[in-house]
Amino acid sequence: MERRENQTPQGQIARVLVEFLEVAIASVVFLKGVYPSGAFERRRYMNVVVQRACHPQLRYYIHATISGLLPFIQKGMVERVAVIFFNANDVPLEKFVFMLGVNLSYGSTVEEVDLQFSLRSFLSKLSISESLTKKLPPGKCKVRARKRTCGSHPTQSSGNSLHL
């Protein structure tokens, strides 16, 4: 793995986006109440208190799924990442979509500091929205992450649903 100092600006921004998506997706899964609160722990990320998955399977699923998107994000190929909650019959109940509108092409003028400010703002809003979201039935839902690349149909990032 490349050291941060040796990365291109596009590579650094892509890594920030992947790291952010991991945190944001864990926060959304926590907010929906699909898993017991003991599967999460409070952590600070970008100076915002967030919920991080501490259950090994949940943590691995989120990390493996989202880190697998890094090469596609670096090439600017990912338009959207969706987190979809399904019931036991595989009927979608709710979907959260993260639209990636960052131009990572060579010569892009996106500053990492500006990006982090925007992402931090989003996480702050997400953390206070808990009272506005409807909890889903615990133990009866599955979570899947899907990506949409430029000009394609949504594809599942991981072949597995996660249900604990």
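Only the coordinates and a few stated rules stand behind these numbers; no lab work does. No experiment lies behind these values; they were computed from the predicted model shown. Note that each Cβ is placed from the backbone with ideal geometry, even for glycine, and that neighbours are counted across all protein chains shown.
Using R₀ = 41 Å, calculate the FRET efficiency as 1/(1 + (r/R₀)^6) where r is the Cβ-Cβ separation of ARG80 and SER37; round to 0.05. Show your work: numbers first, answer last.
On the way: r = 28 Å, r/R0 = 0.69.
So the FRET efficiency works out to roughly 0.90.
Excluding same-chain residues fewer than 8 positions from LYS75, which lysines have a Cα within less than 20 Å of its Cα?
LYS147
LYS140: which lysines have alpha carbons under 17 Å from its alpha carbon, excluding same-chain residues fewer than 8 sequence positions away?
The reachable lysines, counting only those whose Cα sits under 17 Å from LYS140, are LYS32, LYS95.
How do LEU100, LEU93 rank when sorted from fewest to most other Cβ atoms within 10 Å of their own Cβ?
Exposure proxy ranking, most exposed first: LEU93, LEU100.
Provide PHE96, PHE117 in ascending order of the number of other Cβ atoms located within 10 Å of each residue's Cβ, fewest first.
Fewest-to-most Cβ neighbours within 10 Å comes out as PHE117, PHE96.
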